[in-house]
Each structure stands twice: as structure tokens, then as C-alpha cells.
Amino acid sequence: MEDKRNRIKKSLRLAMIFSGKKLNNLDLAIEDINNHFQHVEIKFIELAIKEGSLGYYGEVDKLSIQIICIWINKSIEKYRSNFI
């Protein structure tokens with residue numbers, strides 16, 4: 001099975017493609033997301049990044065770790081019953 005960090009990396013690369021924005025310091029973003037959302041299953045992180053990059057949580061001028069964490073938190077709120 002693929003490691004969580006690799007799956008986050010793939011999701012972030014897709015987010016850059018979908019949004020047309022570049023994320024600076026991809027390795028730092030992967031570590032921050034992995035550490036901050038340890039309790040969250042990877043499938044929900046992947047879904048949040050996908051939805052966010054497609055504009056489900058609003059348009060963004062710049063792709064950043066902060067924006068991605070906001071997407072994940074909004075996704076947690078949206079799908080809260082699936083996290084418990």
C-alpha cells in the first residue's frame with residue numbers, strides 16, 4: 001500500500017494542475033499536512049485537496065499550505081459524520 005506522504009504528494013501535484021497555481025516547497029507542504037492531519041484518513045485529505053483545487057471552497061489567488069489546510073478543515077466540517 002502506498003504511504004500517506006506519497007498520496008499527499010500526488011494530490012498536491014494534481015491540485016497544482018487543476019488550479020493552475022504553483023505550490024512553493026512541496027516537501028514542506030507534505031510534511032505539514034501529514035503532521036497536522038495525522039488523525040484524518042488519507043482518503044478525506046485527498047478528497048479535500050481535489051475539491052479545493054476544483055473551486056468547491058472558493059477561488060484562490062495563490063496555492064499555499066495555509067489554503068490547503070483551510071480546504072481540509074472545511075472538508076472535515078462538511079463530512080464530519082464520516083470522521084467520527
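The values are calculated or read from the model by the stated rules, or taken from the named source; none is laboratory data. Being a predicted model, the structure only gives us computed values, none of them experimental. As a convention, Cβ positions derive from the backbone with ideal geometry for all residues, glycine included, and neighbour counts pool all protein chains shown.
Filter segment 7-17 down to residues that are more than 12 Å from residue 45 (Cα to Cα) and either exposed (fewer than 13 other Cβ atoms within 10 Å of the Cβ) or of a type outside the set (A, V, I, L, M, F, W, C) (or both), then give me how many there are.
The qualifying residues number 2.
Among what's in segment 32-57 and is loosely packed, with under 14 Cβ neighbours inside 10 Å and among the charged types (D, E, K, R), pick the residue that is nearest to the chain's Cα centre (by Cα).
Residue satisfying both the conditions and the ranking: 43.
Please pick out the residue among 60, 40 that is part of a loop (DSSP other than H, G, I, E, B), under 20 Å from residue 3 (Cβ atoms) and in contact (Cβ under 8 Å) with a residue 40 or more places away in the chain.
Values: 60 fails: under 20 Å from residue 3 (Cβ atoms).
After applying the criteria, what remains is 40.
When segment 9-27 is examined, which residues are found to be under 13 Å from the mean Cα position of the chain (by Cα), assigned to a helix (DSSP H, G or I) and not charged (D, E, K, R)?
Within segment 9-27, 11, 12, 14, 15, 16, 18, 19, 26 meet the criteria.
Name the residues in segment 9-37 that are touching a residue at least 40 places away in the same chain (Cβ under 8 Å) and not polar (S, T, N, Q), would you?
12, 15, 16, 21, 22, 23
Return the pair list, or none, for Cβ contacts closer than 9 Å from residues in segment 70-81 that are loosely packed, with under 15 Cβ neighbours inside 10 Å to residues that are assigned to a helix (DSSP H, G or I) and modelled with pLDDT of 90 or more, at least 6 apart or on different chains.
79/44; 79/47; 79/48
Is segment 50-73 home to any residue that is in contact with a His (Cβ under 7 Å, 6 or more places away or on another chain), at pLDDT 95 or above and among the hydrophobic types (A, V, I, L, M, F, W, C)?
Yes, because at least one residue in segment 50-73 is in contact with a His (Cβ under 7 Å, 6 or more places away or on another chain), at pLDDT 95 or above and among the hydrophobic types (A, V, I, L, M, F, W, C).
Out of (1) crowded, with 18+ Cβ neighbours inside 10 Å; (2) at positive phi, the odd one out for residue 23 is which?
(2)
Give the number of residues within segment 13-45 that are in contact with a helix residue (DSSP H, G or I) (Cβ under 9 Å, 6 or more places away or on another chain) and within 16 Å of residue 56 (Cα to Cα).
Total meeting the criteria: 9.
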